[in-house]
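Following: one structure in structure tokens, then a few remarks.
Please treat every number below as a calculation from the coordinates, not as lab data. For clarity, every value in this text was computed on a predicted model and none was experimentally measured. Cβ: placed from backbone, ideal geometry, glycine included. Neighbour counts: every protein chain shown.
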Amino acid sequence: MAIATKPAPFSSPRRNGETTAASLSLVDRLVRLVDSSYRFLASVKLAVLTLGTLAATLAYATFFESRHGTAAVQEYIYRSPGFAILLAFLGINILCAALIRFPWKKRQTGFVVTHAGLLILLVGSYIGVRTADEGQVGMLEGQVKSELVRIDYPVIRVREIDPHSQGAGTEYALPFRPGPFEWGPAKPKDPGLIAGFLRLATLGIVGKPTTREVLTQKDDPFQLVVVENLPAAGPAVIHVADPEGAPMARITLNFKAPGMPQARDAFASEDDHWFVTERKFQRVVRDQRPAMITFSHVDRPDLVDDFLKPPPLGVKGSARFRYADREGKARTYDWALDGQEGKSITLPDSPLEVTLSEITEFPTAAGGLERILGDDPVPIAIFKIHAGKDEPVTHMALANLPMVPNVIPSADPAAGKRPAPLAQVHYMVAPRLDPKGNGRFGQIEILAGPDGSLYQRVFGRGKETTGELRSSGPLEKGKPIVAFGGNPNLPMTISFQLDDYLPAGVEKQIYEPVVLPKAQMGNGIAACRAEMTVGGQTKEIWLSRSENLDPPSPRHLAFGDRFFELVYDVDRKPLGFELKLDDFDTGFEPGTEQATHFESKVRLTDPEQGIKDKPYTIWMNHPLDHRGYTFYQSNYIRERDPRTHQFTGQFQSVFQVAANPGRPIIYSGCLLVVIGAFLQFYMRAGIFTDGGKKEREKKAKAKESALAKAGDDADPAL
């Protein structure tokens, strides 16, 4: 920036040849104050101070961006009030430095043009910050999109659902500005250094730390408060006690093969460690070859005895009947079922006659029950039980599932009320252990009793494929038990232990922080933990943004007979026209996932401008401009199946979209700066001026005249 010589200082009135403070009038003082301020605003000192501060700020911003990402530096530095004030001081300094030299000489043309360009550039930048819009549009091949996804403007949408019609009522779009930093109960909502500086500079008024953000107003029919924010998060599941939940246990399975220095965990993830029973069957199974692990729950002490001391099971298994004899006393009878199909027995000391109709198979794969029942199919024994001449009642018993009712109600309403069971039947079958067939060498079973006590039993290989009971007994939490091996004859050692047990619990989906590389800061999937209050009842829920640009799947909360749907989305702005993606092509480096190019073939439809299916090709450095929006080919997203979370092989083409009304002004300012610099440094001599030669000669003559006049006025005596 060129700086001219400093003009003559302000001259005040004199009295008796002297100037005193008392001699200055109020107007003179104001004029002097304005003049001093004006000269300071145009001074080199302010220019050096402003430019030095700007350079230091930009240097810190570069460091800050490398640590926290682009979103953080935009919010806390480039779009902050402090940075705006700094640029305002720079603009005022540029303006005053130019005005103080008015009227301008021809030789100052380059100087004036350069300063005018800088001012226009600052004005255009301000207009751009105030009016510019930016977002993304993502499409799969064949899709049509007509809205701008403004990813920098998160919104939590809340809709109340009618439980009868399943229709959505009023939607509340709650703006949410979480910022680029993680915050929550243990971390205040600020980046530390910057917020601390703001609190110090404003005496604590600005930048006060907070760990909660209330999104609703007082007159809203509910309250929504965000209590934790994670800018980059991944899903996880926790298990918490809940009286309305199901029994669940955390089990560890370790194995040690010959030559291994230490035992290893057989489960791949934390989720695999947890066994959560299904409400209907009260059982869950995990096939972790070479062993299968089961966890089940019973609500009667007699079923615990069956678990610890089963009858001889044979090939077809055994049925244990519990019934009341003629005197009303509880009796138990075991019936080995090998070769008994079609035969009948009379339960001792009772009028009950039992006929084994058949032993059939219950398919589990079709109903997705393999995870619960363990095998496909599962044996099922069907009995006909009657007393005297009464009609027989059909009793069914699924193998090793005593919590399933023996008498199943009919689906036919005309069949009437379900008949009462005449006996309780527990059908027990030894597990199939066939290393060549199902890959199992053994089976580990854990049972939770009605009083919260825990028990275990282990089946090992027996004759052919029928397992034999090797051990059984109580199970202590945290105590490892060797199930197989541990001796020279069996070099593979398998042990297990119960780490945790919840008599009633639920699985809750949460989100945990994900640490991203510095180059990928800002690319994480954001999540937040919110508390919703309706009618004095408060419930907690985790919400997550979508992995792509489509709206995420909604989460649901129920408050009595009121149901709500919550979505952590972003603002979606209509474009006023449509784009359809016909083809998306991307190339990769051989053997890598590093993309080498992107190209999208789209068709534009804008009814207001009479455009229908006009083809365009967008690729890197070749954007599409329409209605003030510029579409840049920026990236792609690999599509996942929402149910399996596996990649589908499709790619979503992503366009970065920008609309900046201040861009022409910015370009004009840049052009003027270039022209001014050219005029000032390359066209100075011989075009508009003689380089100041005439001014210097004029000053020299004026000085000579002054000296000559001073000599003439001198005292002749001297």
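Structure summary
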{"read-out": "Spatial separation of Cα centroids for the range 522-572 and the range 442-507, in angstrom", "value": "41 Å"}
{"read-out": "Fewest-first sequence of 73, 214 by Cβ atoms within 10 Å of each Cβ", "value": "214, 73"}
{"read-out": "Over the range 22-63: Rg over Rh, Cα atoms, Kirkwood Rh", "value": "1.35"}
{"read-out": "Proximal aspartates and glutamates relative to residue 343, as straight alpha-carbon distance under 13 Å, when same-chain residues fewer than 8 apart are discounted", "value": "353, 358"}
{"read-out": "Least to most buried among 418, 39 (fewest other Cβ within 10 Å first)", "value": "418, 39"}
{"read-out": "Alpha-carbon centroids, the range 614-644 and the range 36-51: separation in whole Å", "value": "47 Å"}
{"read-out": "Rounded, prolate or oblate (a/c below 1.5 giving rounded, otherwise prolate when a/b exceeds b/c) for the range 554-627 by Cα gyration tensor", "value": "oblate"}
{"read-out": "Contour minus Cα-Cα distance for residue 102 and residue 357 (0.36 nm per residue)", "value": "80.5 nm"}
{"read-out": "Stokes-Einstein D in µm²/s, Kirkwood radius over Cα pairs - the range 314-429 at 4 °C with 1.567 mPa s viscosity", "value": "86 µm²/s"}
{"read-out": "Relative contact order of the chain, pairs being alpha-carbon contacts under 8 Å that are 6 or more residues apart, as %", "value": "19 percent"}
{"read-out": "Percent of alpha-carbon pairs separated by more than 44 Å within the chain", "value": "54 percent"}
{"read-out": "Qualifying aspartates and glutamates (Cα of each under 12 Å from Cα of residue 187; at least 8 residues distant if same chain)", "value": "228"}
{"read-out": "Potential lengthening between residue 126 and residue 74 on full extension [0.36 nm per residue; Cα-Cα distance subtracted]", "value": "17.3 nm"}
{"read-out": "Exposure proxy order (Cβ contacts within 10 Å, fewest to most) of 542, 274, 104", "value": "104, 542, 274"}
{"read-out": "Listed residue pairs exceeding 19 Å between alpha carbons, taken from 256/479; 106/701; 106/698", "value": "106/701"}
{"read-out": "Axial C-alpha extent at least 20 Å, average Kyte-Doolittle at least 0.0 - helices from the chain (DSSP)", "value": "26-41, 44-68, 81-99, 109-131, 663-682"}
{"read-out": "Computed lengthening from residue 336 to residue 38, 0.36 nm per intervening residue step minus Cα-Cα distance", "value": "96.5 nm"}
{"read-out": "Projected label distance in nm at residue 700 and residue 508, using a 7 Å step from Cα toward the beta-carbon", "value": "9.0 nm"}
{"read-out": "Sequence-distant lysines (8 or more away, or on other chains) whose Cα lies within less than 25 Å of residue 45", "value": "6, 105"}
